[in-house]
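Heads up, the thing below is written out as structure tokens.
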Amino acid sequence: LEMDLGVNQDVQVPEEAQETVTFEVVDAAALLASEQKLASTKATTGTKTVPVENITVKANAIVGHDSNFQEVQVVDAAKLLASASSGEEVEVETEVIVAPVSVMESSSMVSPDAGENSTGEGSATFVGETQTTPIFTPHDLASIAWSVTELRDPLKTPIVGMVIKIFSRLGYDSLSLSGADLSNLAWAIAKYDGGSYDTESLLITRWIAEHVSYRSENIDILRVFQPPELGRVMWAIACTMSNYASAPSEAMGDCYLLHSVARKALRAAANNLSIFSTEDLVRIAWAFLEIADVDLFQLDSSEVAALGLILATTEMSLHRWERGDCTLDPPTPGSHSDASVFSSFFGRPRINLPLLDLSVSDEEDDDEGVLSPVLQKSQRPKLRDLSIDPSTLCKAACSFQRLSARHPYIKGGWTLTRVAIRLLSSKNARLMKECSIHDIARLCEAAVLSEVDGHGRELMIGLFARQVVGVLNGALDEQTRNEYSINIDSATSSEIVTLIWALGELGVRRSPAEEGKQLANKKLHLQFLDSLLSKVEVESLNLSALQRLIRGMVLMKLSESDQTILLPVLKRVTALISETTSANVLCSLAESVGVLKELEGKKEKQSHKDATQGQQSLESTDSEESTKPETNGLDPEESDETKESSQSIDLSAASDDVLALIAKFAKDMSKSMNAEQIRRLCEVYSLLPFQADEMINAFATEASSRMRVLEDLSRNQTFDDLLKDTEAKNSAVKASLFGDSDVSLFDSIRHGFMSLFGSSHENSESEKQVVEDTSSITDEIATLIQDSIAATSNVTQHAQAEEAALRISLDDIFRSMQQGTSFELGRALELIENYRRIEFSTGRRRSRYDRERRNDIAKRVLSRLLP
């Protein structure tokens, strides 16, 4: 690899990472001679054995400038001896032995006719010499990268890094590989954690996606990739693209191309379910949801149906596994469904993996029986029988929960979330300790987004949150982190923010400094929140991630040190807020900043109260203090309090700036906001309170006008009646204007015009032109009327087809939406009235009743209390 790169660097390998392999080598001619001698003398004893020499090679040694390689012709000894009597030729293979030069010179076999080059030095090629032909082909490079990745070789990171660099130099055309090679290379890049070739990794993955798109443009994608290869390549593309989601758009490339590839893979999987394994189906579905992160209204029904097919197939597989029913159906012809022994488990091969001998039993958990289903002991599911990698299961659970949260009519993913939570919480989080930080963050997000009121959901998620806190407290502790496979440093800033936000939503709080680890785990207290926050790069976050970070930190209770983190976060929000066009992002951001400002207000009131009490205590001891000598120095505690107060003022000012900017952009977007979004913003600015008169006035005007429209709609005809009336009138107009030629009204009108200008026998040229123009105009009018009737008929037919497919009346849909909108607008109008009763100069809120009305209410209350 170093030769192909044109560099020659010594790579130091740890002694424990080196494996010594000894080969026994004999001379083929000597072996045949000894066999012939044995056959001629018919002797079985006293025969000299063939001399055997040993060559010792360190299997993990990197080729350096003190290394050598030579080609050796190798034959199978048994076949060679058998050929001595039969006369058949034996196939000779050529192998390349790489070893230090000293080993080659001292242990190489010496052939009788080797001559002066008997030591092998004449055929040796040193790495330092100039090479014109690359040693490894692109196929070799892809195979090497995949092999060292799957074997978890100690030198995986430098080898895959060199392969990435070589491909980036070779360019786009070097990836004209088979489907298997493309999937292997993409897989290795997705699992590369060196961090040195981020740009090159993203570039090569984009090239792979372009090759996949180009080759499947005119043929079925399953003719390019086998089902397992398609699952791997889509998983790898999605992983790499999600890891570098914050990369510049020019590095990400054409997003439409990625979406196109994901759609092709999804449709191929849905149309050929029987030839895909459950693992590959889940990988493809997750890759589609991860790559095609767009509004669902841009997806057609076939793609959403494909997601439903794959989800149902996965859920059935998991239900059978939970019941202990692991009998597999016989594979269909052409099926590529892998046996469970050949699939991965936490990204590792299942062969000889001790974890697979465990069964999912919850009796050893602290909360006995919370997660246990009502099953017999012999029926408890075993990890060996699980057909899906838990890592893939966490990814899919998060993606489907996001899908359900974004779209009100798509509900699915709770089964995936429940099984994943059960797996990672079982055995006192034994599996969670082997899980990656990426998948823990995704599963925490899925638990927060799940809204299904399933059996034991609250208890299950509560236990899961406690197990996550325990694992994170152990993985972040320097004394115990070696006991866990979790690498916190490998998480991106966005993943850490998602984890903090999800833990805050699950009820996790910051642990006091003096609290023990066991007590902190039981109370859902995270001990090392500052360690997580220190790994967040604020400049790499988008507005949604910044909003989650603010909310997560507030929910987990702020400390004095958090204020130094929140200030750059709010400044980053101020810089990015002008780029957003999403009203939902503005609403979520306003709610998070509002909670932060409310918390700061409570702290300010408490500090003011403490200062007042301290002042009173000082005044009571003035006579005693006057006798003490004066000091010009500052009290250290007083200095710390002054610094803290200054930071609090800066944080409050930054929060005000963000709220003011949100109000400015929300005013401009008021006409495009729905009723719920208007209500959410009115709630924030009214209850804080925060002055934003222009935004509130715009919302009041918009809400009032929409209420009037809704009231008018309630008095009009129903939509079904309008459709029926439109269809009847269209038929009548079409029949009367364009019916039979004898009774057609339009033809009668046209003939009348023609007869008017054609009554005289001697028509002038101008009259003929008028007749022709009149005929042309009437034809155009007829075409326009027919097109209008056809368009109206198409609308009616489309509406009827929608009702037939959905089995629900469009009136019912519109009525439910109107009721929800009216409800939200009513709340918004009351919040606006509440806002207008606030005196921002004093901070007081006026009552909705005048003095006379309040007195009347008081009298009525007293009259009921007193007989």
- Taking a label point 7 Å from the Cα of LEU713 along the Cα→Cβ vector, which residues of segment 826-851 have an amide N closer than 15 Å to it? 826
- Once amide hydrogens are built 1.01 Å from N within the peptide plane, the residues lying 5 or more places from LEU526 or on another chain with amide H under 5 Å from its amide H are ARG509, ARG510, SER511
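Please sort 573-585, 689-701, 464-476 by packing, taking for each peptide the average over its residues of neighbouring beta carbons within 10 angstrom, highest first. Write out the running numbers ahead of the final one.
On the way: 573-585: 14.8, 689-701: 18.8, 464-476: 22.5.
The densest-packed peptide leads the list: 464-476, 689-701, 573-585.
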- Ranked from highest to lowest mean number of other Cβ atoms within 10 Å per residue, what is the order of the peptides 536-542, 817-823? 536-542, 817-823
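Ignoring ligands, DNA and RNA, what percent of the accessible area of segment 774-853 is carbon or sulfur (1.4 Å)?
52
So with the 1.4 Å probe, I'd like the accessible area per residue for segment 540-597, rounded to whole Å². Write out the running numbers ahead of the final one.
Working: 2060 Å² over 58 residues.
Result: 36 Å² per residue.
Taking 0.36 nm per residue of separation and subtracting the Cα-Cα distance, what length does fully extending HIS407 through ARG430 add?
On the way: separation 23, 0.36 × 23 = 8.28 nm, distance 3.47 nm.
Between HIS407 and ARG430, full extension yields 4.8 nm more.
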- With θ set to phi - 60°, apply the Karplus curve 6.51 cos²θ - 1.76 cosθ + 1.60 along segment 183-189 and write out the HN-Hα couplings as whole Hz, x wherever there is a Gly or Pro. 5, 5, 5, 4, 4, 5, 5
- Item | Residue-wise HN-Hα coupling along segment 588-599, computed from phi with Karplus coefficients 6.51, -1.76, 1.60 (Hz; x: Gly, Pro) | 5, 5, 5, 5, 5, 5, x, 5, 4, 5, 5, 5
- Item | Per-peptide average of other Cβ atoms within 10 Å, ordering 490-499, 716-725 highest first | 490-499, 716-725
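Can you work out the FRET efficiency for the pair LEU519 and GLU483, with r the C-beta to C-beta distance and R0 = 22 Å, to the nearest 0.05? Show your work: numbers first, answer last.
On the way: r = 20 Å, r/R0 = 0.90.
Between LEU519 and GLU483 the formula returns 0.65.
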- Compute the label zone of THR701 within segment 666-686: residues whose backbone N is under 15 Å from the point 7 Å along Cα-to-Cβ. 666-673
- Query: In this model, which of LYS411/LYS522; LYS597/LYS859; LYS156/LYS522; LYS671/LYS729; LYS382/LYS433; LYS264/LYS395 are farther than 29 Å apart at the alpha-carbon?
  - Reply: LYS411/LYS522; LYS597/LYS859; LYS156/LYS522; LYS671/LYS729
- Item | Under the Karplus curve 6.51 cos²θ - 1.76 cosθ + 1.60, θ = phi - 60°, whole-Hz ³J(HN,Hα) for segment 712-727, x wherever Gly or Pro sits | 5, 5, 5, 8, 7, 5, 6, 5, 4, 5, 5, 5, 5, 4, 5, 5
- Counting only protein heavy atoms, what percent of the accessible surface of segment 482-578 is carbon or sulfur at a 1.4 Å probe? 47
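The values are calculated or read from the model by the stated rules, or taken from the named source; none is laboratory data. Please read all numbers here as calculations on a predicted model, not as lab measurements. Reconstructed Cβ throughout: ideal geometry from the backbone, glycine too, with neighbour counts over all protein chains shown. With ligands, DNA and RNA removed, areas are computed over all heavy atoms of the protein, side chains included. Shrake-Rupley method; radii C 1.70, N 1.55, O 1.52, S 1.80 Å.
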